[in-house]
1. Of the residues Cys96, Cys74, Cys88, which is among the hydrophobic types (A, V, I, L, M, F, W, C) and more than 15 Å from the chain's Cα centre (by Cα)?
2. Do we have any residue at all in the stretch 99-106 that's part of a loop (DSSP other than H, G, I, E, B), modelled with pLDDT under 90, out of contact with any Ser or Thr (no Cβ under 7 Å at 6 or more places or on another chain) and loosely packed, with under 13 Cβ neighbours inside 10 Å?
3. Considering only the stretch 17-35, I want to know if a residue exists there that is surrounded by 11 or more Cβ atoms within 10 Å (Cβ to Cβ), of a type in the set (A, V, I, L, M) and at pLDDT 80 or above.
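The values are calculated or read from the model by the stated rules, or taken from the named source; none is laboratory data. As the structure is a computational prediction, the values presented were derived from the model and not from experiment. Here the Cβ positions follow ideal geometry from the backbone for every residue, glycine too, while neighbour counts run over all protein chains shown.
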Amino acid sequence: MGERYLTTNFTFDGKELKSMINELNNIPLRYATGGFISPYRYPKVKKIIYNFKNPDKPATIVFWSDSSKTVVKCDAKDFNKEAGLAQCFLKKCLDCSRKDIKKLIDSADIQE
């Protein structure tokens, strides 16, 4: 008692539903936004290396599960492990350069 059900006369046949699912699965990762794609489609980190061979320009190197790698470098005074990993993730997911990421950060609203 007291239960409510939502009813509709809108139905899909099997072929129509399969074609819609196939279209969603074929969206390239760089065009999808957070919350739209399920977490299992995000790239998985296989290995992270923080390289200090050149102390003036430390690097963060991330190896991904799809056998690719992403490298980001910064000045020694700006180095931060979390920021390096986040920038690698942005470069991988958005398929953009450091210059594009800098524009994104500079265009953000700063609340005080």
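1. From the options Cys96, Cys74, Cys88, the qualifying one is Cys74.
2. no
3. No, because not a single residue in the stretch 17-35 is surrounded by 11 or more Cβ atoms within 10 Å (Cβ to Cβ), of a type in the set (A, V, I, L, M) and at pLDDT 80 or above.
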